[in-house]
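A.B. asks: Sending over a structure as structure tokens; questions will come in a sec.
Derivation of every value follows stated rules applied to the coordinates shown; laboratory data play no part. On a predicted model such as this, the values are computed, not experimentally measured, just so you know. Backbone-built Cβ (ideal geometry, glycine too); neighbour counts: all protein chains shown.
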């Protein structure tokens, strides 16, 4: 290589057969990210390769984590101006085009988890080799579109399966359709990479269009029907106003999905507008918040890795935690005084772990790591003990001798706060939804709880793949406090005659992932009595849903009434969130935003509570709260925390 400066992101090596191997290796990082600097460096290297004319070029990763984990979030956050976003995509498009037009064969070797950034690089090569990995379009959740020419290449390669690949929310293995359609070879052993790639370079295969009899699948009228089906599917979870990227992708497919066209008209322009838009910037900000918070939590518990979990209660939350512990590689033991309930718990976990729908009558063939402890002997070497939700079971915990000083945790809103923290190593945890991909796990600690116990609980949460957030037990759980305000207001609205389905729809359309009535019905009555300021309103939840669809009710309702419902739900939620920071229920704003975003109480497109307040202005919130306090009572009285925000 004749490059003036030593490569920083790419390491080129030429072997004895005159094949250039380009290793992507981002310095000081566990995974590779495709940044503007990496693109420019690749541009320079490709220019030298064109002059040196090797027999072939191979792109691969030098990190075990995978080929490319996405774009640099900090760099994307700085591209808030459309001109800067255009320059970013033009640079990427030029580099990918230079890679695609090299006069020698090019092969991409993909392994580990790859995202849209890695897909753009791979599709610019002539051939792709896969080795034990998964694809997931994480950039779609950030409001981004392919803008480096990958959209046209994907349409050309996969045809009618392109939308199945690009719009899928779940990760797909390399051997699963439609991901498998990207690859020319799928390998099972790393030792096969070098000989396979060399054969593909020596005997390259020309890319050909699908047979004429297959091209009818992407005819114009069929693309229209496919686009219509996908729009209906996406509208179940996403609204075009707040998640424009997937709907724009469908529009481009419907317009330019012809297999013979190698590019999509206006791909760069559409991608740049979305990246510079408010929605994408809010989504990127939310992702950065999670990343930074998780990094700080992981650093504080770097040397702690709990191995043994003892579950002494068989409620739903404990079973979900046990299943996540098994998935993470921990050993799990189940204990209960009632043999029948113990057997049902084991069968429940086995059904979930094995993914089967049948019901077994006998115990046996337990998932790896799961055991049954009838006498509670596992306590002698357990790291974490999950107790029953309504009793912390101190007799079992204190009578047995534990050599590892296990922490005792309780998985419920309805906890005995007076008992927690007595031995200095007991905590209470709660999660709104342990079945989510990365749920929030609140750690409520008493004033006697030791710092060692708190660190151990954080390590346990991270081991489960959760987002740990510490809260003060004296003030209660954050999600319980914030959601209680919204649920309480929703129950008042129901008492005034507003349909439950309409209340949930309005809440979801303005930043909540789950409606307050739906959330309340998913909680136990005991938990609702703990968190609600007026538990007598719980009876309103028995009100049946209206047989009229919520969308039709919304159209019939006057706009002024719709705005009133939204403001009452919205402002009580934000007022409770600000009060949580003011009363030190959580440590700071970063913790609050990470908790509410991770817990699914706030949608990512808002960018978090703090960002929404900065965009709308704290004074605007205070004025609206004062107005509602005069018309609807003291429950809308502004928190004293608003004064600090308005002064900044």
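A.B. asks: What is the Cα centroid distance between segment 149-206 and segment 577-648, reported in whole angstrom?
C.D. replies: Each part's Cα centre sits 47 Å from the other's.
A.B. asks: So, in nm, how far is label residue 344 from label residue 18 when the simple model puts each one 7 Å beyond its Cα toward the Cβ?
C.D. replies: Inter-label distance under the simple model: 7.4 nm.
A.B. asks: Continuing with this model, one more query. List the extent of the Cα atoms of segment 1-151 along each of their three principal axes, largest first, rounded to whole Å.
C.D. replies: Computed over segment 1-151, the largest-to-smallest principal extents equal 44, 35, 30 Å.
A.B. asks: Report the label-to-label distance for residue 307 and residue 509 in nanometres (one decimal), using points 7 Å from each Cα along the Cα→Cβ vector.
C.D. replies: 5.5
A.B. asks: If you take the beta carbon distance between residue 556 and residue 186 as r and set R0 to 56 Å, what does 1/(1 + (r/R0)^6) give as a FRET efficiency, to the nearest 0.05?
C.D. replies: Given R0 = 56 Å and the Cβ-Cβ separation, E is 0.55.
A.B. asks: Sorting check: for 453-459, 312-318, 280-286, 24-30, which peptide has the highest mean count of neighbouring beta carbons within 10 Å, and how do the rest follow?
C.D. replies: Top of the packing list down: 280-286, 453-459, 312-318, 24-30.
A.B. asks: Using bins 10 angstrom wide from zero, how does P(r) for segment 10-276 break down, in % of all Cα pairs?
C.D. replies: Over segment 10-276, the share of Cα pairs per 10 Å bin runs 7, 30, 38, 20, 5, 0 percent.
A.B. asks: Ratio of segment 46-112's C-alpha Rg to 2.2 N^0.38 Å, to two decimals?
C.D. replies: 1.37
A.B. asks: Taking a quarter of the surface of the Cα convex hull of segment 484-530, what do you get in nm²?
C.D. replies: Taking a quarter of the hull surface, the average projection is 3.2 nm².
A.B. asks: Then there is this: Quick one: if the Förster radius is 25 Å, what FRET efficiency do residue 627 and residue 239 give, using the C-beta to C-beta distance and rounding to 0.05?
C.D. replies: Efficiency at R0 = 25 Å is approximately 0.35.
A.B. asks: Follow-up. Given 0.36 nm per residue, what is the gain on full extension from residue 337 to residue 52 after removing their alpha carbon distance, in nm?
C.D. replies: Between residue 337 and residue 52, full extension yields 95.1 nm more.
A.B. asks: If R0 is 35 Å, what FRET efficiency do you get for residue 298 and residue 84 from their C-beta distance, rounded to 0.05?
C.D. replies: Efficiency, rounded to the nearest 0.05: 0.65.
A.B. asks: Right, something else. What is the distance, in nm, between label points placed 7 Å from the Cα along the Cα-to-Cβ direction at residue 8 and at residue 199?
C.D. replies: Output for this residue pair reads 4.0 nm.
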